[in-house]
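Below is one structure; the comments refer to it alone.
The values are calculated or read from the model by the stated rules, or taken from the named source; none is laboratory data. In this text, all values refer to a predicted model and were calculated from it rather than measured experimentally. Positions of Cβ are generated from backbone atoms using ideal geometry, with glycine treated the same way; all protein chains shown enter the neighbour counts.
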Amino acid sequence: MSSGIRFDRVSVAYGGTTVLDSLDLSVGPGEVMALLGPSGSGKTTALRAVAGFVRPAAGRVFIGDRDVTDLPPHRRGIGMVVQQYALFPHLRVEDNVAFGLKARKAPRAEIRGRVAEALEMTGMAAYARRHPRELSGGQQQRVAIARALAIRPGVLLLDEPLSALDARLRSGMLAELARLHRELPDVSILYVTHDQVEALTLADRIAVMDKARLQDVGTPRELYRAPRTEFTASFVGNANLLPVTVGSDGVDFCGTELAVATGDAARGAAATLCVRPHLVGLGAGPNALTGAVAEVQWRGSTHRLYVDVGGHRITADLRELRRPPALGDTVTLHFAPEDAVLLAAGLTPERAAPVTVGQTAGAGGGVSRDG
């Protein structure tokens, strides 16, 4: 099957309401692209447009070099895994995995071989004769993936496949999906999620969606370390977003001069400074800010401090403290100049510079957003 996905200005509307607006995006052969965004952002609609379950009001969808916009789902050569797995309860595991192959009228001998291969690849060979009710949630998810892989698709669509699993199983399945990706280097994967950890862990690139539009796209490292907008900064990881004024040698935050790179920002301009909580230290250091402790959270290996500085709350994620400060204590926080990113104030995704997308696989002021 051909690999790779391309959205060519794809729009989808329901009852006059646009739920996907002029999406231009390419997923390269063998690439894992995560569609990340809040509920209602358009990410699942984009996936369903590739699957053939929704008809674009405008634009075209390509798989490889084929225009599949007008093709029914069964002729698109895709595999798909949804949130609740959609296994047939009356069929054994091996028959669930064989379902797509039988629908395509594959030869019986070929079906046996492909089912065995898919179950072996997903670690479910020993459960071939069981029914779904006899499996755990994680095992059912593996069966759903095996069923999708059995048809040897060029494109694999994953719609929040881990959302029904607990935290431990989710972590294990992320590792399994990463392993499967290594074993299937030619399969393009479109992975829909609202979970930042899943996107950062699994994806070669992340497409950030909001309000039916593509807002940003890049490698996980690019989006995390150098976000283009406040929305990206706050949705891809946690972020302190501080309202500042650009000065001659840095920025001013609540009367304190901070040494950070300002690029070509005009002196006196309002801007937003993005600093990740784990890059904020406790005690004296560069770019020191003093405030009162508003909240302390113990998180096992770390402590999270919320500190009020000039009416703005700053979050610091610190290695577990032997003696954490008490509520109301005055503390000093600091961060290195190179760990801050300056964003233009009020730069919403709609006003940001145009998003540039490629086809090649990559390998609120003062508010801290907790993902």
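Summed over the stretch 317-330, residues that are surrounded by 15 or more Cβ atoms within 10 Å (Cβ to Cβ), of a type outside the set (A, V, I, L, M) and assigned to a strand (DSSP E or B) total 1. Scanning the stretch 25-45 for residues that are surrounded by fewer than 22 Cβ atoms within 10 Å (Cβ to Cβ), closer than 17 Å to residue 155 by Cβ and of a type in the set (S, T, N, Q) yields one hit, 26. Going through (1) in a loop (DSSP other than H, G, I, E, B); (2) more than 17 Å from the chain's Cα centre (by Cα); (3) surrounded by 20 or more Cβ atoms within 10 Å (Cβ to Cβ) one by one, residue 70 falls short only on (3). Do the conditions hold for residue 353, that is, is it modelled with pLDDT of 90 or more and either surrounded by fewer than 17 Cβ atoms within 10 Å (Cβ to Cβ) or not β-branched (Val, Ile, Thr) (or both)? So residue 353 fails the test.
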